1. Mind listing whichever residues of region 167-182 are away from the ligand (no atom under 13 Å from the Cβ) and surrounded by fewer than 23 Cβ atoms within 10 Å (Cβ to Cβ)?
2. Only one of (1) part of a loop (DSSP other than H, G, I, E, B); (2) open to solvent by 30 Å² or more (accessible area, probe 1.4 Å) is not met by Val216, so which one is it?
3. If we keep just the residues of region 88-106 that are under 26 Å from the mean Cα position of the chain (by Cα) and not aliphatic (A, V, I, L, M), which is most open to solvent (accessible area, probe 1.4 Å)?
4. Provide a single number: the residues in region 249-286 that are within 15 Å of the ligand (Cβ to nearest atom) and either under 22 Å from Gly182 (Cα atoms) or in contact with a Leu (Cβ under 8 Å, 6 or more places away or on another chain) (or both).
5. Which of the residues belonging to region 5-28 are in contact with a Gly (Cβ under 9 Å, 6 or more places away or on another chain) and farther than 25 Å from Leu184 by Cα?
6. If you go through region 228-237 one residue at a time, do you hit one that is within 16 Å of the ligand (Cβ to nearest atom) and in contact with a helix residue (DSSP H, G or I) (Cβ under 6 Å, 6 or more places away or on another chain)?
7. Quick one: would you say Ile341 is of a type in the set (A, V, I, L, M), at pLDDT below 95 and open to solvent by less than 20 Å² (accessible area, probe 1.4 Å)?
8. Residue check: is Leu30 outside any loop (DSSP other than H, G, I, E, B), within 22 Å of the chain's Cα centre (by Cα) and aliphatic (A, V, I, L, M)?
Amino acid sequence: MLLGAHEAAAKPAVLDIRVGQHPDKTRLVLELSEAPNYRVFLLPNPFRVVIDLPELDWSVPESKIPEGAGAINALRFGLFAPGTSRVVLDLKQPVLVKSAFVLPPKDGRPHRFVVDIEPVTLAAFNAAPAERLGASSEKPLRTTQTAAAATVQPKPAGDRRPTIVIDAGHGGVDPGATGVSGLLEKDLALEYAKELKSQLEATGRFRVVLTRDRDVFLALRDRIKIAHQANGDLFVSLHANNHKSRKIKGFSVYTLSEKSSDAEARSLAAKENKADIIAGFDLSEQTEVVRDILIDLAQRESKNQGNQFAADVVDEVGQVANLLGNPHRYAGFAVLKSPTIPSVLIEIGYLSNRAEEKRLRDKGYRKKLMSALSRSIGNYFQQNQTFNRY
Ligand SMILES: [Zn+2]
């Protein structure tokens with residue numbers, strides 16, 4: 001595949017984004033360098049408008065991204081899947097799609113893609129005909145698979161090394177937490193994931209698979225799917241946290257439990273589990289799968305191993321970084337629900353703490369922290385005889 005050449009080809013650029021409130025509607029306008037094909041649809045619980053477009057170049061500066069207005073609470077955008085960019089509008093109330101259309105360039109203005117939404121009552125939303133719940137361009141938007149399906153290589157025959165699956169949290173249209181100075185969790189998680197990968201590979205002892213290697217959305221369920229397709233022996237999901245108290249800081253590691261170890265862990269899991277909702281992903285099929293997996297007895301063994309690994313992590317990382325009080329905690333994170341692969345979720349620190357955010361940006365700190373994590377992975381596989389199953 002001439003991937004490089006393909007990516008070098010100019011993507012349509014977003015030149016401006018505006019949100020405006022009118023008496024009878026809320027209007028979103030994207031100014032674009034080309035007329036796009038599009039697909040618009042509504043999601044309830046919570047109410048969102050999801051707009052899919054071809055993969056776009058978002059050259060709009062941060063400062064020009066509008067706040068919500070009218071029925072719109074907040075606006076997010078990013079890569080949803082290779083070839084598809086997505087805009088998600090969080091709504092204050094139910095709406096219906098009034099219209100969606102593209103205006104050609106005129107009076108020095110470029111192509112404008114316009115979506116009008118109309119606030120309605122819940123009863124009107126529930127009674128609305130299908131054509132009010134979405135809209136699409138005459139030429140359909142070329143559908144693309146989510147990133148998950150694309151890239152996983154099964155383990156090559158004869159490779160006896162354990163496979164470590166490193167999962168950079170969030171991505172694309174789901175930014176995760178935002179730091180005091182604007183650092184995004186999705187970007188930080190990816191940098192740490194790449195660093196950990198290169199350190200593990202340098203030992204020669206592990207095969208390493210990343211769930212994502214660029215800024216793209218991945219559904220929570222697809223992260224687990226990748227781990228299985230890759231024949232993972234250990235799953236490590238990397239995140240960074242936020243807290244309303246800016247004093248809170250420190251590293252922590254979480255393993256799966258239906259009972260959370262404390263209220264903080266419970267609310268963190270609730271927050272992390274919302275990633276799919278934030279990205280405008282339809283969850284209707286997913287809940288069932290997760291419930292089935294949860295009651296699977298096979299999970300008990302991998303849970304014990306996950307707990308053992310978490311203890312190793314605390315030992316090693318505690319020597320190089322600040323730990324949160326009770327650094328090993330338990331909660332019902334969706335990404336940890338693999339029935340057979342020992343799994344942990346790591347919050348490398350708090351982006352809401354100014355000093356910690358600054359430290360987390362530091363390359364030297366990143367190397368030090370990921371080398372401690374890499375050592376704990378080495379220790380874990382050395383100790384754990386049950387993994388000598390090759
Ligand atoms: Zn996160």
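The values are calculated or read from the model by the stated rules, or taken from the named source; none is laboratory data. Everything quoted here is computed from the prediction, not taken from an experiment. Cβ coordinates were reconstructed from backbone atoms using ideal geometry, including for glycine residues, and neighbour counts include every protein chain displayed. Note: accessible area is taken over every heavy atom of the protein model, side chains too, but ligands, DNA and RNA are not part of it. Shrake-Rupley method; radii C 1.70, N 1.55, O 1.52, S 1.80 Å.
1. If the condition is that a residue be away from the ligand (no atom under 13 Å from the Cβ) and surrounded by fewer than 23 Cβ atoms within 10 Å (Cβ to Cβ), then Val180, Ser181, Gly182 are the ones that fit.
2. It is condition (2) that Val216 fails.
3. Within region 88-106, the match that is most open to solvent (accessible area, probe 1.4 Å) is Lys92.
4. Final tally of qualifying residues: 14.
5. Kept after step one, since they are in contact with a Gly (Cβ under 9 Å, 6 or more places away or on another chain), are these residues of region 5-28: 19-22, 25-28.
Scanning region 5-28 gives Gly20, Gln21, His22, Lys25, Thr26, Arg27.
6. Yes: region 228-237 contains one or more residues that are within 16 Å of the ligand (Cβ to nearest atom) and in contact with a helix residue (DSSP H, G or I) (Cβ under 6 Å, 6 or more places away or on another chain).
7. In short, yes.
8. Values: outside any loop (DSSP other than H, G, I, E, B): yes; within 22 Å of the chain's Cα centre (by Cα): no; aliphatic (A, V, I, L, M): yes.
The answer is no for Leu30.
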